[in-house]
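Colleague: Before we start, here is the structure in question, set down as structure tokens.
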Amino acid sequence: MTLKALIADDEPLARERLRFLLSGQEGVEVAGECRNGREVIAALKETRFDVLFLDIQMPGIDGFEVIEQIGSANMPVTVFVTAHNQYAVQAFKIHALDYLTKPVEPERLQATLARVKERIASQAALMTQEQLKSVLTSLQHGGAARQEFSKRLLVHNGAKDSFVNVNDIEWIEAADYYACLHVGTKSFMFRETIKQLSRTLDPERFVRIHRSIIVNVDQVREIFREGQSEGSVVLTNGQRLKMSKAGWQSLLAVSRR
């Protein structure tokens with residue numbers, strides 16, 4: 001496993017030192033560097049990284065504001081790197097994996113990378129376990145003759161991972177490279193695009209009524225046509241969602257089955 005790392009620090013020498021230390025670590029690739037918070041936000045929206053080494057004090061947008069704008073659920077494994085240890089408590093409150101003080105020592109960095117790999121491996125193991133259960137269930141019911149769809153989704157949120165029952169999802173909203181799962185009064189950011197997620201959901205229950213919206217058919221209370229190409233649906237909780245012409249046709253097709 002090769003970790004894709006992003007370094008964020010406004011000091012060139014600090015970036016250079018960390019890049020040098022990481023280059024000597026097996027299984028780590030420095031895939032990007034940023035000089036300020038705005039560059040970090042842009043990089044995270046454009047590319048998926050496994051670990052972020054994030055300086056706290058940067059001009060304009062600091063490290064904490066980066067996490068606030070991106071959302072902790074959307075962050076890669078985050079390690080703060082700073083010269084000021086008074087921020088340690090706040091860093092761990094927002095689920096940072098570790099906290100390194102400058103100048104970073106090789107031994108300390110190596111220990112942190114071991115924790116990063118352990119965290120990522122545990123997340124992957126949970127996903128693999130769910131996939132294995134799905135395969136075994138499929139084999140028990142006739143193999144390829146019957147397609148099994150996701151029953152639970154594993155959502156990563158900093159130091160906490162949560163399982164979301166698919167049947168409890170009322171609707172799903174596209175959010176760049178993520179999908180926002182709406183479950184009652186709660187929302188979860190799932191690290192897949194809405195297109196990727198739609199392939200794992202039962203099409204008899206979850207219909208894409210708009211390029212940015214998937215709806216649970218069981219939650220639909222009313223359907224409105226508002227023109228030749230537009231419309232909307234109202235869920236049982238009163239939520240109103242926009243619907244395209246293609247979405248309306250897909251929804252009607254499922255309703256007739």
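Colleague: Would you pull out the residues with amide H under 5 Å of Leu3's amide H, same chain only if 5 or more places away, H placed 1.01 Å from N?
Modeller: Val28, Glu29
Colleague: Follow-up. With label points built 7 Å along Cα→Cβ from the Cα atoms of Arg38 and Asp176, find their separation and express it in nm.
Modeller: Going by the 7 Å Cα→Cβ label model, 1.5 nm.
Colleague: A further question on this structure: Where does each of 9-21, 100-112 land if you order them by average Cβ count within 10 Å, highest first? Present the calculation step by step, with values, prior to reporting the outcome.
Modeller: On the way: 9-21: 16.6, 100-112: 14.6.
Per-residue Cβ counts within 10 Å, averaged per peptide and sorted highest first, yield 9-21, 100-112.
Colleague: First check a/c for region 148-204, with a ≥ b ≥ c the square roots of the eigenvalues of its C-alpha gyration tensor; if it is under 1.5, answer rounded, and if not, answer prolate when a/b is larger than b/c or oblate otherwise.
Modeller: Rounded.
Colleague: Sticking with this one: So what's the net charge close to Pro12: Lys and Arg +1, Asp and Glu -1, counting the other residues with Cβ under 14 Å from its Cβ? Kindly include the intermediate steps, with their values, before the conclusion.
Modeller: Working: positive: Arg15, Arg17, Arg19, Arg35, Lys102; negative: Asp9, Asp10, Glu11, Glu16, Glu33, Glu39, Asp55.
That sum, taken over residues with Cβ under 14 Å, equals -2.
Colleague: Residue-wise, which Karplus ³J(HN,Hα) couplings in Hz belong to region 196-208, taking 6.51 cos²θ - 1.76 cosθ + 1.60, θ = phi - 60°, and x for glycine or proline?
Modeller: So the J values, rounded to whole Hz, are 5, 5, 4, 6, 9, 9, 5, x, 6, 10, 10, 10, 7.
Colleague: Per residue of region 58-63, in order, report the coupling 6.51 cos²θ - 1.76 cosθ + 1.60 (Karplus, θ = phi - 60°) as ³J(HN,Hα) in whole Hz, putting x for Gly and Pro.
Modeller: Couplings: 10, x, x, 9, 8, x Hz.
Colleague: To the nearest 20 debye, what is the magnitude of the charge dipole of region 9-81 about its Cα centre, counting +1 on the Cβ of each Lys and Arg and -1 on the Cβ of each Asp and Glu? Please list the in-between numbers first.
Modeller: Values: 7 positive and 14 negative charges, 22 e Å.
Once rounded to the nearest 20, the dipole reads 100 debye.
Colleague: When we measure straight from the Cα of Lys160, which lysines land under 23 angstrom away, once same-chain ones fewer than 8 places off are left out?
Modeller: Lys4, Lys45, Lys93, Lys117, Lys133, Lys151, Lys186
Readers should treat all values here as calculations from the given coordinates under stated rules, not as data from a laboratory. Owing to the predicted nature of the structure, the values given are computational and were not obtained by experimental measurement. Backbone-built Cβ (ideal geometry, glycine too); neighbour counts: all protein chains shown.
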